[in-house]
Each structure stands twice: as C-alpha cells, then as structure tokens.
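The values are calculated or read from the model by the stated rules, or taken from the named source; none is laboratory data. Because the structure is predicted, anything quoted here is derived from the model rather than measured. Quick reminder, even Gly has a Cβ in these numbers, built from the backbone with ideal geometry, and neighbours come from all protein chains shown.
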C-alpha cells in the first residue's frame, strides 16, 4: 500500500505542472496575438472609449486650457493631428458637433420658379354695368381688404334705366291696386258686388307677376339683390354704383369632392389658404381712369391673392417617375432660396400638389407644382396714407426644389464642409480636447449640402467632429508636415 501511494504522487505532481505550463503558454499566445493585431483593434477601441467619455468643452467654443499641456500624448499621431489655439479656433469659425445616426433622404435638385395658382391668384374686377367712372379710390400696388371701395360708376346704360323705370311704375301700380282693394273690402252694405273685388284681385296678381319679371331683369342687368331691394324701398332710380373688392372664394367645399393623394396634397394648403383668415389683396394692372366710359364686363383692375403660390419645378424627362413616386408617397419637398449674399433659406415640409401630364416639346422638360405658403414680410403706408404690403415670395422668383427620391435609415450624415478630400481619400477631423485627429472615412453618397458616411467603425456615435473648415484643417496639417499645399485640395472639379 505504501509503495503504491509513493509511486502515484510524482505522476499527479507532473500532471499539475504540465497544466500550469500549458496555461502560461496559452496566455503568452493571446498576448502575442493581441500585440500583433493591435493596429486593427486598438484605435477603434480608443475611439469608442473617447466617444463614451465625451468632451468636457462646449461643442462650438474654443477649448479651455489643457491641464496636460507640455506633456506628450502618445495616442496622437503628429502626422495626422493638429492642435488649435483659441485664436485659430475663432479665426476659422469652427463648428463642432456629435456624430449621430439619422435617417437621410436622397434628393434630386430641380430648378423652379414661383408662379401663380391658375384660377386662384388673379382676381379680375370687371364693370358690372355700363357707365362712366366717377372715382378711382385705389392705386397700383396698393393693398386692399375684401369689401374696400375700389371704383364708383355712374350708370348710363339705356336699357337699365328703362328697366328700372318700368320696375318703379309697376311698384306704384301695385300700391294703387292694394289700396283700392282695401277700400272696397271696407264697404259692408252690399253696394259693391263681390265680382268687382274679385276682378281687382286678378289685376293685383298680374301686377305681382310683372314685378317679379322686372326684378329678375334687373338682376340679369348686373344689379345685386340688395340694390334691387334698395330701389324698391327708396323708389328712386339707381344712378351710381360702388364697385368693391370681392371676398376671396372659399374652395373648401370643392376639395371635399376630390379624392386621392393629389387631393390630399392640395387640401392641406387649401384648408388654410382660402378665406380661412383675412389677408390683403394687391391691386395690379389698374386699367381705367376717372372719366372713362366702360361697357358691362370691361376689366377695371386685377387683384392678386398672394397668400399661397406654386413653385413650378422644371425637371428632366428622366426624373418624372421619381417625382411621381415622391408625390404618391407624400414625401415632403424642400425649397432652397438664394439671396444676393449667397445665403440660402430652406423651406421644409412642402407638398407636391400635382404633376403635369405632358412633357415640353422643345426643352423635353416636365413641370410639377409644389404648394408654397406665403407670408407678409413688411406692411407700410405710402402716399396719401395708402396701405402697402411686401410679400416674402415674389412671382417669378427663382429657387431650387430638393425632391426626395430615396430614403435611408441609420446613416452618419455630415455637412460637406466637414469632409476634406485629398486624392482618393476623404477625411474628417475628430476632436480630442484642443487637438483634432484626422481620420479617413468612406463616403457613400454626396450632394451639394451633405455627405453620407459608411457606418464601418471609422466613426462612432457620440464622437465630436469638426462640422466646418475641414479643408483649412487639412491644409494646416500639410503645412505642419512640410508638404506643399495643393490649393485645389478638398474641392470637386
């Protein structure tokens, strides 16, 4: 028994030693593999730790004093890193922001013009009756509210004068007949036969029928119901006629009978654009003067309702199906206006009202229309205290329509100013305190305003990058390294 135990102890001790040696060799192998593969996993891990810890300085402000200033930072590669002073930060007007995953719409840029809505924008004011213009109470370009006095006419149409005269005669005859019937009915001693009263009743009925016909004739001549009632009440011929600004027609009932996606797009603007709230009309094309003789139906002026306009997109024929798809999906369109200072104003949330059903024969372009709500930019008084308004968007104004044709989800989207381009490489600059590290990225898509980067680990959500002046940072790194500066680096040709 003792011999057995003695002989078994060295065997167990040797097995334990072999296991320990194998464990140590395994750990050394892991360390060796990690050391060899550090370039693959080390920098992404450091960037992830940086993105989690965040930056202590505000995004768009110059960095505070670095407590480690004067010490070496082994994590930075001097050939791909640059440190900015607070003055340089301000000189560049540098903007910094976090990397975020967001949805992106791929768009096509279509040139457009601001145009009127046919049948809605222009309101024709015509002479309701033949006459002479006694007074013009508005001026070209003036703003008027519905119901404001525009013109005063003296009625000279012979047929109208004759019809009014016959109407007054019939009114007087009917009054006489009513008084006679009342007098006969008061005679109660049988001196007057019932047949006489009956004949008078028949005559009254004839006069009432004639009066109704003359009433309708006056309406056909262009008088309103209120004007006819005024003639009947005052027993005077209508000599003058006031022409007032009409009310803006409410097309809400019209939209209820429409159906489909196009109707929904139009109804969104129509619910608020047509007579929902009062807004001024603008006098344009004033065509008459005081003393002019005008026929019934002759134009006096035009009023413009500029509350809602159209942006007429003029796309290429091959883009038609993409625009139709955007209209069917009710994807919002952006309108971009450029001013003289090359500053862009972007109007979002617009809808395609409809797409034209024809392609222009000469230009091979097709038109589509986007509803463009307008707003009063300025109100002021002109000569003689007349009111004037300046609308924000003008007819004939040029713009670009960013029409969505495809949607991508969870993409890294940065401004084009955040990308520096050199040869086949594209770079972004990641902030770490006062330093910015240049990092290569893959650009999947680029438009005039934004770039879409591949989410391949080059950047992590939460990291802060330079959103502007990337080209200047790229040139600064090249200057620091002693390389010649390419003046065209970072630009597309």
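Numbers for the structure displayed
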read-out	value
Test: residue 459 is assigned by TED's automatic domain parsing to the domain that holds residue 319, farther than 30 Å from residue 138 by Cβ, outside any loop (DSSP other than H, G, I, E, B) and in contact with a strand residue (DSSP E or B) (Cβ under 9 Å, 6 or more places away or on another chain)	no
Subset of the range 389-411 (residues that are farther than 25 Å from residue 338 by Cα and buried (at least 16 other Cβ atoms within 10 Å of the Cβ))	411
Every pair of residues 6+ apart whose Cβ atoms lie under 6 Å, when the first sits in the range 368-395 and is assigned by TED's automatic domain parsing to the domain that holds residue 325 and assigned to a strand (DSSP E or B) while the second is at pLDDT below 90 and surrounded by fewer than 16 Cβ atoms within 10 Å (Cβ to Cβ)	388/382
Subset of the range 345-366 [assigned to a strand (DSSP E or B), without any contact (Cβ under 8 Å) to a residue 12 or more places away in the chain and surrounded by 11 or more Cβ atoms within 10 Å (Cβ to Cβ)]	345
Criterion (at pLDDT 85 or above and surrounded by 17 or more Cβ atoms within 10 Å (Cβ to Cβ)) met by exactly one of 299, 246, 280	280
Among (1) loosely packed, with under 15 Cβ neighbours inside 10 Å; (2) over 30 Å from residue 399 (Cβ atoms), the one test that residue 119 misses	(2)
Selection from the range 414-429 of residues that are in contact with a helix residue (DSSP H, G or I) (Cβ under 7 Å, 6 or more places away or on another chain) and at pLDDT 90 or above	417, 418, 419, 420, 427, 428, 429
Hits in the range 169-191 - residues which are surrounded by 11 or more Cβ atoms within 10 Å (Cβ to Cβ) and farther than 25 Å from residue 210 by Cβ	187
Test: residue 113 is more than 15 Å from residue 435 (Cα to Cα), surrounded by 13 or more Cβ atoms within 10 Å (Cβ to Cβ), touching a strand residue (DSSP E or B) at 6+ places or on another chain (Cβ under 7 Å) and modelled with pLDDT under 85	no
Residue check for residue 200: surrounded by 12 or more Cβ atoms within 10 Å (Cβ to Cβ), free of Cβ contacts under 8 Å to residues at least 40 places away in the same chain and outside the structural domain of residue 288 (by TED's automatic domain parsing)	yes
Some residue of the range 331-340 being touching a strand residue (DSSP E or B) at 6+ places or on another chain (Cβ under 8 Å), at pLDDT 85 or above, in a loop (DSSP other than H, G, I, E, B) and farther than 25 Å from residue 121 by Cα	yes
Condition met for residue 211 (farther than 30 Å from residue 351 by Cβ, modelled with pLDDT under 85 and not in a strand (DSSP E or B))	no
Subset tally (residues that are assigned to a strand (DSSP E or B) and either without any contact (Cβ under 8 Å) to a residue 60 or more places away in the chain or under 19 Å from the mean Cα position of the chain (by Cα) (or both)) for the range 95-142	12
Residue within the range 154-168 that is crowded, with 18+ Cβ neighbours inside 10 Å, within 23 Å of residue 297 (Cα to Cα) and in contact with a strand residue (DSSP E or B) (Cβ under 7 Å, 6 or more places away or on another chain) present	yes
Qualifying residue in the range 311-325 (condition: surrounded by 14 or more Cβ atoms within 10 Å (Cβ to Cβ), under 25 Å from residue 120 (Cα atoms) and in contact with a helix residue (DSSP H, G or I) (Cβ under 8 Å, 6 or more places away or on another chain))	yes
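Residue by residue, here is whether (1) at positive phi; (2) modelled with pLDDT of 90 or more; (3) more than 19 Å from the chain's Cα centre (by Cα) holds:
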{"residue": "348", "(1), (2), (3)": "no, yes, no"}
{"residue": "351", "(1), (2), (3)": "no, yes, no"}
{"residue": "372", "(1), (2), (3)": "no, yes, no"}
{"residue": "375", "(1), (2), (3)": "no, yes, no"}
{"residue": "380", "(1), (2), (3)": "no, yes, yes"}
{"residue": "383", "(1), (2), (3)": "no, no, yes"}
{"residue": "389", "(1), (2), (3)": "no, yes, yes"}
{"residue": "400", "(1), (2), (3)": "no, yes, no"}
